[in-house]
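What follows is a set of notes on a single structure, which appears directly below.
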Amino acid sequence: MSTENEGTAVPAVPPAPSSAPAAPPAAPAHSDAAAGEAESTPVHEAVPQASAPAPQPGPDPVTEPMPATPGAPAQPAYAAHESAPPQSGGAGWPPPPPTLPSYGGGGAGHGGEPWGAPQPPAPRRRGGGLIAAVVAAALVAGGIGGAIGYFAADRDGNGSGSTTVASSDTPKDFKRDPGTVAGVAARSLPSVVTIDAQGTDGEGGTGTGFIYDKEGHILTNNHVVASAASGGGKLTATFSNGKKYDAEVVGRAQGYDVAVVKLKNAPGDLKPLALGDSDKVAVGDSTIAIGAPFGLSNTVTTGIISAKNRPVASSDGQNSKASYMSALQTDASINPGNSGGPLINSAGAVIGINSAIQSAGTGGMGQSQAGSIGLGFAIPINQAKNVAEQLIKTGQPVYPVIGASVGIQQGNGAAPGGGADGAQISTQGNASQQPITPGGPADKAGLKPGDVITKFGDMPIDSGPTLISEIWTHKPGDQVPLTYQRNGKETTVTITLGERKGDSN
């Protein structure tokens, strides 16, 4: 649906008369000139816009991770960054992400206007006149200002002087405060790398990573290095000073969308970025994102933390498997190529790994690749650090599990019959997996197929992806309160999380 204004065109300005009117006769020398009254122009009142209807509560979107940016072309083409939509109905665990349209366009089964982007009403005819009046006023004001400026300059220097003012108090050894964006960027950029990943078939692209330790380990996203990791591809990491090093994959976790690579022949002067505490992040905190959007290395953007604990399910479109995170949401500009880069706080500490964006493109997930609209998502660094340590130590991830399969419906009546929102345990299994693992955590806690989980710990649960995102913020062995509904009755139990090693096939 077009969002262009469809109002009436602004009336044309009447043409100026072809000749000036004759000058009035001069007044007598000793008579006072008649004082003319200037017409007073009425102030135009803006027409109030109709209030947009309040958005209905709904689930958080399934977002697509920022695909690794192909080698930067002369002119960036968004189509080069598209990824195929994920296939639904794939076997295995975790379940695939629901095939939902991106914001800005409807998809199958989702009619109506895009969420959060109502179509603006068509402007009224009088609105065009108001716009013309405002423009005219601006032009007139500009002309008056220019005349006054010229008059002042001419009186001050007979028309030959300059009206510019030179700063006389800027010291030659000017240094920026370490707490400013410029100060944080200057300290952080030498520890951020641009990753080029190429598969054996020539496919690949560009992403970002940052120095994790002095041994040369680099933390990034799994989807940045996936093309090179499968099939013996090639990885390189380029620092902000232009030095390039070969690298190799140490381990990767598809479910978490985290990967660790290591530099070959790493230099001895590496400076790892300090890691912050993502649990202490507050909404409104300042953020700084560093990466290589569309291949433009060493790009720094700023914003704030817009939300916390945002459940996000994403897929790179290469298979039916999804990544889940309870993300930090930021409005710092993040684009394809920022993937794997650090999200930094005002103290210069990493609080997250930039991983996914929500685009405003139409056509559904994977059908377009627009730029940033201020909806970026980062993996909290506390979770990423735990995964990185697992990968460095064993080469494979460890996932906490409850031993039950849940549906991926997104809230709003996910339970049978349009009941309460939540994550429903599947009523039927398949040849390789039962709805509830016998002897597993859910079985021991008394859960049964068809139960609807509505709360996990302190977090309300509105869907399967939300539940998985919350489970994966914990560790195996953690004991967590879990609330579920069965036949209209609500029950709370304590469940001890189990574990699964490696990504499922």
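The values are calculated or read from the model by the stated rules, or taken from the named source; none is laboratory data. Predicted, not measured: the structure shown is a model, and the values here were computed from it. Cβ: placed from backbone, ideal geometry, glycine included. Neighbour counts: every protein chain shown.
Restricted to the stretch 482-498, and to residues there that are of a type in the set (D, E, K, R) and surrounded by 12 or more Cβ atoms within 10 Å (Cβ to Cβ), the residue that is farthest from Asp443 (Cα to Cα) is Glu490. Hey, can you tell me all the residues within the stretch 201-216 that are in a loop (DSSP other than H, G, I, E, B) and crowded, with 22+ Cβ neighbours inside 10 Å? Answer for the stretch 201-216, where residues must be in a loop (DSSP other than H, G, I, E, B) and crowded, with 22+ Cβ neighbours inside 10 Å: just Tyr212.
Among the residues of the stretch 240-255, is any in a helix (DSSP H, G or I) and in contact (Cβ under 8 Å) with a residue 12 or more places away in the chain? So far as the stretch 240-255 goes, no, none of its residues is in a helix (DSSP H, G or I) and in contact (Cβ under 8 Å) with a residue 12 or more places away in the chain.
When we screen Pro272, Pro267 for residues that are more than 17 Å from Leu391 (Cα to Cα), touching a Phe, Trp or Tyr at 6+ places or on another chain (Cβ under 7 Å) and surrounded by fewer than 24 Cβ atoms within 10 Å (Cβ to Cβ), the only hit is Pro272. Only residues that are in contact with a Gly (Cβ under 6 Å, 6 or more places away or on another chain), modelled with pLDDT under 90 and in a loop (DSSP other than H, G, I, E, B) were counted across the stretch 217-230, and they come to 0. Does Ser306 satisfy the condition of being surrounded by fewer than 20 Cβ atoms within 10 Å (Cβ to Cβ), under 30 Å from Ser463 (Cβ atoms) and modelled with pLDDT under 95? Criteria not met by Ser306. For the residues Asp269, Asp285, the requirement of being of a type in the set (D, E, K, R), closer than 14 Å to Ser191 by Cα and either in contact with a helix residue (DSSP H, G or I) (Cβ under 9 Å, 6 or more places away or on another chain) or in the same structural domain as Gly204 (by TED's automatic domain parsing) (or both) singles out Asp269. Residues in the stretch 458-473 that are crowded, with 17+ Cβ neighbours inside 10 Å and outside any helix (DSSP H, G or I): Ile461, Asp462, Ser463, Trp472, Thr473. Residues in the stretch 482-505 that are out of contact with any strand residue (DSSP E or B) (no Cβ under 7 Å at 6 or more places or on another chain) and over 19 Å from Gly251 (Cα atoms): 4 in all. In the stretch 420-447, the residue that is farthest from Thr483 (Cα to Cα) out of those that are part of a loop (DSSP other than H, G, I, E, B) and aliphatic (A, V, I, L, M) is Ala431. Among the residues in the stretch 461-473, are any closer than 19 Å to Gly488 by Cα and out of contact with any Gly (no Cβ under 9 Å at 6 or more places or on another chain)? Checked the stretch 461-473: no residue is closer than 19 Å to Gly488 by Cα and out of contact with any Gly (no Cβ under 9 Å at 6 or more places or on another chain).
Restricting Asn345, Asn338 to residues that are of a type in the set (S, T, N, Q), touching an Asp or Glu at 6+ places or on another chain (Cβ under 8 Å) and in the same structural domain as Gly205 (by TED's automatic domain parsing) narrows the list to Asn345. Do we have any residue at all in the stretch 474-481 that's surrounded by 14 or more Cβ atoms within 10 Å (Cβ to Cβ), closer than 30 Å to Lys393 by Cα and out of contact with any strand residue (DSSP E or B) (no Cβ under 7 Å at 6 or more places or on another chain)? Within the stretch 474-481, not a single residue is surrounded by 14 or more Cβ atoms within 10 Å (Cβ to Cβ), closer than 30 Å to Lys393 by Cα and out of contact with any strand residue (DSSP E or B) (no Cβ under 7 Å at 6 or more places or on another chain). Looking only at residues in the stretch 348-388 that are under 25 Å from Phe210 (Cβ atoms), outside any strand (DSSP E or B) and of a type in the set (S, T, N, Q), the one that is modelled with the lowest pLDDT is Gln369. When the residues of the stretch 448-457 are filtered to those that are touching a helix residue (DSSP H, G or I) at 6+ places or on another chain (Cβ under 9 Å) and assigned to a loop (DSSP other than H, G, I, E, B), the one that is surrounded by the most Cβ atoms within 10 Å (Cβ to Cβ) is Asp451. Is one or more of the residues making up the stretch 196-212 modelled with pLDDT of 95 or more, of a type outside the set (Asp, Glu) and farther than 22 Å from Gln383 by Cβ? No, the stretch 196-212 contains no residue that is modelled with pLDDT of 95 or more, of a type outside the set (Asp, Glu) and farther than 22 Å from Gln383 by Cβ.
Only residues that are part of a strand (DSSP E or B) and either touching a residue at least 40 places away in the same chain (Cβ under 8 Å) or more than 26 Å from Ser240 (Cα to Cα) (or both) were counted in the stretch 277-300, giving 7.
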